[in-house]
Amino acid sequence: MAWRDVMCGELRDEDAGRRITVAGWADTRRDHGGLVFVDLRDHTGKLQLVINPERSAGAARTAHEIRNEFVLQATGEVTARAPDAVNPDLPTGQIEVQVDELRILSRSSPLPFQLDEENVDETLRLRYRWLDMRTERMQRNLRLNHTAIAAIRNVMDERGFVDVWTPSMTRGTPEGARDFLLPVRLQPGKFYALAQSPQLFKQLCMVGGIDRYYQICTCWRDEDLRADRQFEFRQLDLEMAFVEREDVLDVMEACVVGAFEAAGREPPERPFPRLSYADAMLRYGSDKPDLRFEMEIQDATEVTRDSEFGVFKNAACVRYVVVPRTFSRSEQTRLEDVAKEWGAKGLANLTQISKFLSGRELEAFGVPEGSTALFVADEEDVVARVLGLLRVHLGRELGLIDADADVFHWILEFPLFEHSEEFGGWTFMHHPFTAAMFGEEEQIEADPAHVRGQHYDLIWNGWELGSGSIRIHEAPVQQAVFRVMGLNEEEQRDKFGFLLDALEMGAPPHGGFAMGIDRFIAQLAREPDIRQVTAFPKIASGSDPLTGAPTPYPDSALRELGIRLTDPQPE
Ligand code: ASP
């Protein structure tokens, strides 16, 4: 006999009279003297079972043993509920099942939390994730995950992309994070790195003639865990040969729209707006601006050059935001404090400094009645960062953000290099394989500070969903980038010899993209972090509350790997 012949949430009033078998979890049990009511639940919904001792004495005996989350199987007749018992909030609320046979298939020990409990501690939810997964929220999120990924695979398939599996165990891949290392028993003292991304393998696929590669791949990066970051995460990773930037953006937009449509959501309009990196930093103080609200940053550097106000006159850069409200003294002080935490020397309110400013300056700022202009004067990067953070902070605090909006946009034309405080030289902004903008190749070595890359990021409501670029496909250009990064010929060969060899054997022009799938799904599910759309995530300490990993290993196992710990094993 089948375990069930219908799902709990499927039955409607027209099913009255049917004899059915259902199976699922006991969501609640209500004992009304003789009659017992059980809400039986599976992922499709809930169904009311009525166990009446007059109909089946055996079922009634069993019903008294039932506790929440027992797994049950029931056979009986679907009947219409009495009019006063109809539950309009439940899709199955018109009917119930008069049970003839009831079996407990599995019991449950007392629960660490109830499924309908609010604000359950997250570590507890993750420790008992199998319970948490039964909640409507997790069922919805994990199924949305599947729906969106299936839609994306569909788009890839229609466009002729080939799913190629690439290794997780590889050499370090430079994506800007620390590598997770994997000792190798057969070669003690040597390590694989877990791939931070399949970047070089997908480029090699292009050299290998695959010409449209994709993968929903797992990537590993040893970084602090955050709302949008786990040690391991999935990317929609793609690469295309003989393409230009617009071809790559077009495919990515199609994937986003395909996933929205599959999820039954109004898709964003295409093409997504584009913004240069320079513009984004100037107007929003961020390379991933949240464009659900305006409050653009204004530049006042020119107009304050000869200011009487020394703080403005002597600063390399002066910018401000106009906030559509006024602030009390204490609110202003609080804002100043946060600005200082972000690295500003101060935060000037126009009303307080206007007596130092000329008529020309005041006229240039043109602040409407009831609004406040807040200024930061400092080096350009500090001004941009602080006003960028302030803009988002105030956008949230003052409720300027439309939580239902979905604003996608591209950031283009990033600098190819950035200066590294850490080792005092140039490092890559995206990764070292990004091509310079057309016509700027000559500047790679001549003027690394100003050369721009064919690098693009996709942003959704202020979250960076992913990055991509057109790649370097000529070995001499690749070597020029390596030189700027301070790698001599020998180091280049040692680390990237295989790539240089491949670029020397007929590499087509190519480019690609990678989108963080978990970030995408979290946003699609309107969840605040990616843990809510990940079946088994880790917590901020880097632990997995469910299995208790990471764990120490016995010395004998480590010895086999050629590893000796300098500190004693933690408990
Ligand atoms: N490998 C890059 C990343 O993981 C994406 C790309 O350039 O395609 O961010």
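General remarks:
- Within region 327-338, being surrounded by 13 or more Cβ atoms within 10 Å (Cβ to Cβ) and either touching a Leu at 6+ places or on another chain (Cβ under 8 Å) or within 24 Å of Thr301 (Cα to Cα) (or both) holds for Phe327, Gln332, Leu335, Glu336, Val338.
- Remark: Thr173 falls outside the filter, which requires a residue to be in contact with a helix residue (DSSP H, G or I) (Cβ under 6 Å, 6 or more places away or on another chain), at pLDDT 95 or above, of a type in the set (Ser, Thr, Tyr) and assigned to a loop (DSSP other than H, G, I, E, B).
- Of the criteria (1) in contact with a helix residue (DSSP H, G or I) (Cβ under 7 Å, 6 or more places away or on another chain); (2) crowded, with 18+ Cβ neighbours inside 10 Å, which one Val382 fails: (1)
- Apart from one condition, Gly425 fits all of (1) at pLDDT below 95; (2) within 13 Å of Phe293 (Cβ to Cβ); the exception is (2).
- Some residue of region 1-18 being without any contact (Cβ under 8 Å) to a residue 24 or more places away in the chain and crowded, with 16+ Cβ neighbours inside 10 Å: yes
- Pairs linking a residue in region 170-185 that is more than 16 Å from Glu223 (Cα to Cα) to a residue that is assigned to a loop (DSSP other than H, G, I, E, B) and within 14 Å of the ligand (Cβ to nearest atom), with Cβ atoms under 7 Å and 6 or more positions apart or on different chains, are Thr170/Ala195.
- Gly511 falls short on exactly one of the conditions (1) within 16 Å of the ligand (Cβ to nearest atom); (2) more than 17 Å from Gly468 (Cα to Cα), and that condition is (2).
- Of the helices (runs of 4 or more DSSP H) lying entirely inside region 295-384, those containing at least 2 residues that are more than 21 Å from Tyr284 (Cβ to Cβ) and of a type in the set (S, T, N, Q) span 329-341, 350-353.
- Flag for Leu282 being part of a strand (DSSP E or B) and at pLDDT 95 or above: no
- Among the residues making up region 418-436, a single one is hydrophobic (A, V, I, L, M, F, W, C), in contact with a helix residue (DSSP H, G or I) (Cβ under 9 Å, 6 or more places away or on another chain) and more than 16 Å from the ligand (Cβ to nearest atom): Trp426.
- Here is the figure for region 453-494: residues that are in contact (Cβ under 8 Å) with a residue 24 or more places away in the chain, more than 16 Å from the ligand (Cβ to nearest atom), over 30 Å from Asp404 (Cα atoms) and of a type outside the set (Gly, Ala, Ser) total 6.
- When Gly425, Gly462 are checked against the criterion of being more than 21 Å from Met240 (Cα to Cα) and within 21 Å of the chain's Cα centre (by Cα), a single residue qualifies: Gly462.
- Test result for Ile521, buried (at least 23 other Cβ atoms within 10 Å of the Cβ) and away from the ligand (no atom under 16 Å from the Cβ): yes
- All of (1) buried (at least 17 other Cβ atoms within 10 Å of the Cβ); (2) among the basic types (Lys, Arg); (3) closer than 30 Å to Thr79 by Cα hold for Arg153 with one exception: (3).
- Filtered by the rule that a residue be surrounded by 17 or more Cβ atoms within 10 Å (Cβ to Cβ), more than 22 Å from Lys46 (Cβ to Cβ) and among the charged types (D, E, K, R), region 114-147 gives a lone residue, Arg127.
- Every residue from region 475-493 that is charged (D, E, K, R) and more than 34 Å from the chain's Cα centre (by Cα): Glu489, Glu490, Glu491, Arg493
- Residue satisfying all of: in region 67-113; touching a residue at least 40 places away in the same chain (Cβ under 8 Å) and of a type in the set (Lys, Arg); surrounded by the most Cβ atoms within 10 Å (Cβ to Cβ) among these: Arg103
- Any strands (runs of 3 or more DSSP E) falling wholly within region 208-276 and containing at least 3 residues that are crowded, with 22+ Cβ neighbours inside 10 Å and within 14 Å of the ligand (Cβ to nearest atom): 212-220, 232-241
- Qualifying positions in region 138-194 - within 15 Å of the ligand (Cβ to nearest atom), more than 24 Å from the chain's Cα centre (by Cα) and among the basic types (Lys, Arg): Arg171
The values are calculated or read from the model by the stated rules, or taken from the named source; none is laboratory data. Because the structure is a prediction, the values reported are computed rather than measured. Positions of Cβ are generated from backbone atoms using ideal geometry, with glycine treated the same way; all protein chains shown enter the neighbour counts.
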